[in-house]
Amino acid sequence: MADKTKVGKEYPPVTWEVERGKIAELAKAIGDFDSIYLDKEAAIKQGYKDTPAPPTFLTVPMMWSSSMPGVINDLQINFMMVLHGEEEYEYYRQIYPGDKLTGTPKVASIEEKTSKSGSRMDMVTIEILYMDQNGEKVAKARTLLVERK
Amino acid sequence: MAQEIYFEDINVGDEMPELVKGPIVKLQHVMYAGASGDFNPLHTDDDFAKAVGMKDGVISHGMLIMGFVGQAITSWIPRKYVKKYGVRFAGMTRPGNTITITGRVKDKRVEKGENIVSCEVVAHDENGDVKITGRFDAALPSKG
């Protein structure tokens, strides 16, 4: 079960340089061929500085850096029993190629819940605030992990 | 691509244009694993998935389905106006599923000088099983 003593703990920041190719690759993997993700000129015509990151792009730095699996491990959550319950993003500005993001995961809360069927679960909320190369806020991600017991 | 849209164009109760994705094929899980960095074999290795209790084999990445819903949103409301987007994962998706995304405007308001519309979104499969329920806020320009 999740280690409740770690509520409030911050993990080492993940740094990630955003590449144009990665933005296009994620969009294509989703099957989203909107030209704003694939073509800088098309993006500029539609009011962007460059090809913007799709809405779920911030999963990329967390997964490729293995940061999220590391957090799950540190919280002593059983990988086999964990479900991704919720995911939420607040966007403060667009993410573009060349941005150097720094994301700091923090354990926001761990709550025990009992489902209608009587099974017990830990609800673990991880928040990650992403800053850019100028120290400006870019986005906040919130992940709810559900560990069944 | 999304057309330009204004706060005045949107009314509470308006429906988001429906988006249909799929049927999902296993190859898409491989592409998504590589793109996202989520290499959990539950999504790409049938033997592993069966060994951990998925009798029909691999299941889709929840974040792939969240990506589908994101596509539905930004095909309607330009990416640059989306301020907040969150989902609850309600059910597992499998290869062969066709996912339909619908949405509806729940609220519009002026907040701190921004023209905010709040919408609910749902993704369900061909049997009507819900995979994701979610919500997004967008800050839209005004004609005025």
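Throughout, read-outs are computed from the coordinates displayed, never taken from laboratory work. Since the structure is predicted, the reported quantities are computational estimates derived from the model, not experimental observations. Reconstructed Cβ throughout: ideal geometry from the backbone, glycine too, with neighbour counts over all protein chains shown.
With Cβ to Cβ distances under 12 Å as the rule, what net charge do the other residues near B:Val20 carry (K, R +1; D, E -1)?
-2
Among the aspartates and glutamates, which have Cα under 18 Å from the Cα of B:Lys131 when same-chain residues fewer than 8 positions away are ignored?
A:Glu86, A:Glu87, A:Glu88, B:Glu18, B:Asp56, B:Glu120
Over the alpha-carbon set of chain A, divide Rg by the Kirkwood Rh and report the Rg/Rh ratio to two decimals.
Radius of gyration relative to Kirkwood radius: 1.04.
Need one value for B:86-94: mean number of C-beta atoms belonging to other chains within 10 Å of its residues' C-beta atoms.
Other-chain Cβ atoms within 10 Å of each residue's Cβ, averaged: 3.
Exceeding 29 Å between C-alpha atoms, which entries from my cross-link table qualify? They are B:Lys21/B:Lys112; A:Lys49/B:Lys112; A:Lys6/B:Lys106; B:Lys50/B:Lys83; A:Lys45/B:Lys106; A:Lys40/B:Lys83.
Beyond 29 Å: B:Lys21/B:Lys112; A:Lys6/B:Lys106; B:Lys50/B:Lys83; A:Lys45/B:Lys106.
Using Cα pairs under 8 angstrom and six or more residues apart, how large is the relative contact order of the range B:7-140, in percent? Mind dumping the intermediate values first?
Numbers: 259 pairs, mean separation 40.2, N = 134.
Once normalised by length, the contact order is 30 percent.
If R₀ is 25 angstrom, what is the calculated FRET efficiency for the pair B:Asp107 and B:Glu4, using the beta carbon separation as r and rounding to 0.05?
Efficiency, from the Cβ-Cβ distance: 0.70.
Helix B:62-74 versus the longest principal axis of chain B: what is the Cα-based angle in degrees, 0 to 90, to the nearest 10?
The helix B:62-74 is inclined about 30 degrees to chain B.
Which residue, B:Lys26, B:Lys80, B:Lys108, has the most motion in a Gaussian network model of chain B that connects Cα atoms within less than 10 Å?
B:Lys80
Lysines within cross-link reach of A:Lys9: Cα-Cα under 18 Å, excluding same-chain residues under 8 positions apart?
A:Lys106, A:Lys140
Express the C-alpha Rg of the range B:7-140 as a ratio against the empirical globular expectation 2.2 N^0.38 Å, rounded to two decimals. Don't skip to the end; give the middle numbers.
Values: Rg = 16.5 Å, N = 134, 2.2 N^0.38 = 14.1 Å.
Output field value: 1.17.
Please arrange B:Thr100, A:Thr143 by counting, for each residue, the other beta carbons lying within 10 Å of its beta carbon, fewest first.
Working: B:Thr100 18, A:Thr143 21.
Listed from fewest to most nearby Cβ atoms, that is B:Thr100, A:Thr143.
Please name which of B:Ile101, B:Ile65, B:Gly134 has its Cα lying farthest along the dipole of chain B towards the positive end, using unit charges on Cβ (Lys, Arg +1; Asp, Glu -1) and the Cα centre as origin.
Among B:Ile101, B:Ile65, B:Gly134, the one farthest towards the positive end of the dipole of chain B is B:Gly134.
Based on the Cβ-Cβ distance of A:Glu127 and A:Ser35, what FRET efficiency does E = 1/(1 + (r/R0)^6) give at R0 = 45 Å, to the nearest 0.05?
On the way: r = 33 Å, r/R0 = 0.73.
Using R0 = 45 Å, I get an efficiency of 0.85.
Hey, got the dipole for chain A? About the Cα centre, +1 on K and R Cβ, -1 on D and E Cβ, debye to the nearest 20?
Value, rounded to 20: 340 debye.
Given Cα pairs under 8 Å that are at least 6 residues apart, what percent is the relative contact order of chain A?
Values: 293 pairs, mean separation 44.2, N = 149.
This gives 30 percent for chain A.
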